[in-house]
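Following: one structure in structure tokens, then a few remarks.
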Amino acid sequence: MEFDKDFTILTVSDNCASLDILGSILAPYYDIKKAGSTGEAANLLKDEDINLIILDIAIHNNDYHEFLKDIKSNEETMRIPVVLIGDSSRPEHEEKSFALGAVDYISKPFMASIIKARVNNQRMIVNQIRAIEELGMLDPLTDIANRRGFDNRIKQEWLRAARDKTCISLAIADIDHFKDFNDKYGHVQGDVLLSMLAKQLVSMMRRPADFVARWGGEEFVMMFPNTELKGIIKYLETIRESVQKMVIPDLPSTTISIGVAAIVPTLEKSMEDFFSQADKALYEAKNTGRNKVCSYNT
């Protein structure tokens with residue numbers, strides 16, 4: 001496994017044995033910080049540049065819910081991936097962890113090879129996000145990934161999903177009546193709307209692996225690895241509603257139409273066809289009233 005002492009992991013548990021085991025497995029490869037409570041972890045997050053959090057859901061008072069909520073609502077910490085650890089005899093905890101915004105779940109008793117592999121996956125995702133800025137993959141207006149950045153990211157996730165036989169969901173969002181908006185309020189205000197929408201979409205991404213980019217013009221793309229169609233449709237409705245509730249001074253509320261498709265990649269399937277499916281779903285949303293989410297069903 002690659003040695004990366006610039007990658008800092010915060011382990012959080014009130015079980016000293018768990019902290020020691022995690023430390024012994026990961027310390028040879030990463031910079032490890034330990035916290036015996038969520039309060040201590042919150043203080044470390046203020047002082048340290050943390051790249052990944054490993055959180056024990058069996059922590060005292062079961063307050064990991066509030067801790068996660070605080071992390072995901074804070075602009076400075078919302079993009080830090082969180083891996084939860086819990087008892088293998090409680091599979092419902094694994095399902096709940098993803099609903100809370102965790103990127104992965106590790107069962108006790110610990111297996112060193114599993115911990116190393118899953119932490120390394122998260123390290124690679126974080127480093128890919130860092131690389132976007134270094135490779136000129138940012139859209140200069142909205143300060144999020146551009147089309148090139150999205151193409152680079154989906155290739156990585158496509159290969160990973162094909163290997164793991166997991167599902168990827170892809171959504172395309174388009175601002176309704178954007179030309180009319182520009183004609184009435186001017187292109188400067190149109191740019192303001194695009195920037196505000198980009199920030200809103202980024203804020204709605206629950207996991208670091210979730211990805212949003214400006215595809216071009218008034219179109220944005222969102223990718224959700226390890227997510228099936230049924231689950232993401234409901235969440236895209238939440239995103240659509242949040243956009244409608246955006247408040248931009250001196251400008252009216254805006255709406256978006258969203259098309260979404262999901263796929264388990266194989267060698268016989270192409271990313272181009274996948275994008276075309278999401279685009280067809282968007283076309284349906286635009287042509288059946290707008291301000292809605294439509295899905296592509298094979």
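Quick notes on this structure:
- Residue in the stretch 26-42 that is in the same structural domain as Pro109 (by TED's automatic domain parsing), assigned to a helix (DSSP H, G or I) and farther than 17 Å from Tyr64 by Cβ present: yes
- Tally, over the stretch 243-281, of residues that are farther than 18 Å from Glu219 by Cβ and part of a helix (DSSP H, G or I): 1
- Unmet criterion (only one of (1) more than 24 Å from Glu284 (Cβ to Cβ); (2) among the hydroxyl-bearing types (Ser, Thr, Tyr); (3) within 21 Å of the chain's Cα centre (by Cα)) for Tyr185: (3)
- Here is the figure for the stretch 164-185: residues that are at pLDDT below 90 and either surrounded by 16 or more Cβ atoms within 10 Å (Cβ to Cβ) or of a type outside the set (Asp, Glu) (or both) total 0.
- Every residue from the stretch 235-254 that is of a type in the set (Val, Ile, Thr), within 21 Å of the chain's Cα centre (by Cα) and exposed (fewer than 14 other Cβ atoms within 10 Å of the Cβ): Thr238
- Hits in the stretch 98-109 - residues which are exposed (fewer than 15 other Cβ atoms within 10 Å of the Cβ) and not small (Gly, Ala, Ser): Pro109
- Some residue of the stretch 153-168 being touching a residue at least 40 places away in the same chain (Cβ under 8 Å), under 16 Å from Ala278 (Cβ atoms) and aromatic (Phe, Trp, Tyr): yes
- In the stretch 117-132, the residues that are of a type in the set (Lys, Arg) and closer than 15 Å to Val103 by Cα: Arg118, Arg123
- Taking the criterion of being assigned to a helix (DSSP H, G or I) and either in contact (Cβ under 8 Å) with a residue 12 or more places away in the chain or touching a Cys at 6+ places or on another chain (Cβ under 7 Å) (or both), the only residue of the stretch 169-180 that qualifies is Phe178.
- From the options Ser242, Ser169, Ser276, residue that is outside the structural domain of Thr77 (by TED's automatic domain parsing), within 29 Å of Thr77 (Cα to Cα) and out of contact with any Phe, Trp or Tyr (no Cβ under 8 Å at 6 or more places or on another chain): Ser242
- Within the stretch 5-14, the residues that satisfy the criterion of being part of a loop (DSSP other than H, G, I, E, B) and either crowded, with 16+ Cβ neighbours inside 10 Å or on the phi > 0 side of the Ramachandran plot (or both) are Phe7, Ser13, Asp14.
- Taking the stretch 132-157 as the range and being surrounded by fewer than 19 Cβ atoms within 10 Å (Cβ to Cβ), assigned to a loop (DSSP other than H, G, I, E, B) and touching a helix residue (DSSP H, G or I) at 6+ places or on another chain (Cβ under 8 Å) as the test, the residues that pass are Leu135, Gly136, Leu141, Asp143.
- A single entry from Val264, Val260 fulfils the requirement of being under 21 Å from the mean Cα position of the chain (by Cα), surrounded by fewer than 18 Cβ atoms within 10 Å (Cβ to Cβ) and not polar (S, T, N, Q): Val264.
- Number of the exception - Arg206 against (1) in contact with a Cys (Cβ under 6 Å, 6 or more places away or on another chain); (2) under 25 Å from Leu141 (Cβ atoms): (1)
- In the stretch 191-234, the residues that are without any contact (Cβ under 8 Å) to a residue 24 or more places away in the chain and surrounded by 20 or more Cβ atoms within 10 Å (Cβ to Cβ): Asp210
The values are calculated or read from the model by the stated rules, or taken from the named source; none is laboratory data. Values in this document were obtained by computation on a predicted structure and should not be read as measured data. Please note: Cβ atoms are built from the backbone with ideal geometry, for glycine as well, and neighbour counts cover all protein chains shown.
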